[in-house]
Amino acid sequence: MQRVLSGIQPSGQLTLGNYIGAIQNFVKLQHTHECFFMVVDLHAITVPQDPAALREQSEAVAAIYLAAGIDPNKANVFIQSHVPQHAELGWLFTTLAYMGELERMTQFKDKSQGKDSVGAGLFVYPTLMAADILLYNAHLVPVGDDQKQHLELTRDLAGRFNSRFSDYFNIPEPYIPKVGARIMSLDDASKKMSKSNPNPASYIALLDPPDVIRKKLSRATTDSGREVKFNPAEKPEVSNLMGIYSHCAGMSLEEIEAKYEGQGYGAFKKDLAEHVVATLEPLQQRYQEIRSSGAVHDILKQGAERVTETASKTVRDVKERMGFLLPR
Ligand code: AQP
């Protein structure tokens, strides 16, 4: 069975973008692949995090995975920092990477732009991501556009290790989901919806109460026209809302256009809010049950225990091939 690995950073409240773009695919993949779904807290700290919020969000992301339908008996669900081999292999890969290739990473350029001081962790982030993937010799990595370059680097580092030391790593492939959705921000359709956006009106958080969802969607930016038409180049805001609608209501874009023909944006936005609320309500209910059951910690402990055997074997094999004197 092919192995799939992915993770989400506990760097804010998970959004509808994370759900549609990542978590819903995770739920499907667990039935056909051996899956590793992490809460990538070591990645989250590459930009400053409030300690209490980081702890809370880490548990929340894990509980959302479970509430969304990831079954911890089918998929490996764990916190990245609970398996210290991620950081260890990350360091080993940092020594194999070149400054030039890390400097070319567009995510580093974007996240460091205009900042006076940029953390070194943000710079070496892709070598830790390579370690996450190669630790379990994953075959497939679900990636959005913004992560494709990091996966290329992972492939380069795996190949470099194989040719410099010995053929050990499988070269992972990107997994592009059939329905690849990129949900854009509600206040600026040129930016993706992001959990670390300081303006909460720019995203729908998965745990937003129904009234907050209704309010955010009624205020979502549109354009000065009144036609509900899918045209990302000329009507990016409306097209983004239509993408969300289509996803939550299970209707095609053509059906949505036909339904709201000649009606303006008001009715469309109102119905959109109800579809989003109906999509998220069951998840929110399960989330509350899971959090109050106190089961998350045990599930995470078991998840980390289960993957540790593979992770420590990989690190041991890698160190042996690199020439480390191993403890006997
Ligand atoms: N707007 C989005 N539309 C579709 N998919 C999205 N993902 C994130 N935003 C959207 C997918 O969710 C996963 C989470 O990845 P991450 O936590 O490593 O960080 P990210 O991609 O940078 O997501 P955020 O929400 O924008 O986080 P911050 O603000 O912390 O950087 C990935 O699979 C991503 O494709």
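Couple of notes before you dig in:
- Aspartates and glutamates with Cα under 18 Å of residue 235, excluding same-chain neighbours fewer than 8 positions away: 187, 188, 223, 227, 254, 255, 257, 261
- Amide H within-cut-off set for residue 264, under 5 Å, with H built and near neighbours excluded: 228
- Cα-Cα separations in the stretch 1-111 greater than 17 Å, expressed as whole percent: 60
- Computed from backbone phi with θ = phi - 60° and the Karplus coefficients 6.51, -1.76 and 1.60, the 3J(HN,Hα) list for the stretch 25-39 is 6, 4, 4, 6, 5, 4, 7, 10, 9, 7, 10, 10, 10, 10, 9 Hz; x is used for glycine and proline.
- For the chain, the C-alpha radius of gyration sits at 1.06 times the compact-globule guess of 2.2 N^0.38 Å, with N the residue count.
- Under 17 Å from the Cα of residue 111 - aspartates and glutamates, other chains or at least 8 residues apart: 101, 103, 145, 146
- Cα-based helix-to-principal-axis angle, 120-135 vs the chain, degrees rounded to 10: 80
- Set of lysines with alpha-carbon distance to residue 229 below 18 Å, sequence-local pairs under 8 removed: 259, 269, 270
- Under a 5 Å amide H cut-off, with hydrogens placed 1.01 Å from N, residue 7 pairs with 38 among residues at least 5 apart or on other chains.
- The stretch 170-328 shape via C-alpha gyration tensor axes, a/c threshold 1.5: prolate
- Average Cα contact separation per residue, the stretch 1-108, under 8 Å, 6 or more apart, as relative contact order %: 32
- Calculated Rg and Dmax of the stretch 208-289 using C-alpha coordinates, Å: 13.1, 43
- Amide hydrogen neighbours beyond the local backbone of residue 171, cut-off 5 Å, H modeled: none
- Here the Karplus curve 6.51 cos²θ - 1.76 cosθ + 1.60, taken at θ = phi - 60°, turns the phi angles of the stretch 62-70 into couplings of 4, 5, 5, 3, 5, 5, 6, x, 6 Hz, with x standing for Gly and Pro.
- Each residue of the stretch 227-232 was assigned a 3J(HN,Hα) from its phi angle through the Karplus curve 6.51 cos²θ - 1.76 cosθ + 1.60 (θ = phi - 60°); the sequence is 8, 7, 10, 8, 7, x Hz, with glycine and proline shown as x.
- Normalised contact order of the chain, rounded percent, pairs of Cα under 8 Å and 6 or more residues apart: 22
- Positive-end residue, the chain charge dipole about Cα centroid, Cβ charges, pick of 7, 194, 325: 325
Every number here is computed from the coordinates shown, using simple stated rules; none is lab data. From a predicted model like this one, the values you see are computed outputs, not experimental measurements. Glycine also receives a Cβ, built like all others from the backbone with ideal geometry; neighbour counts cover every protein chain displayed.
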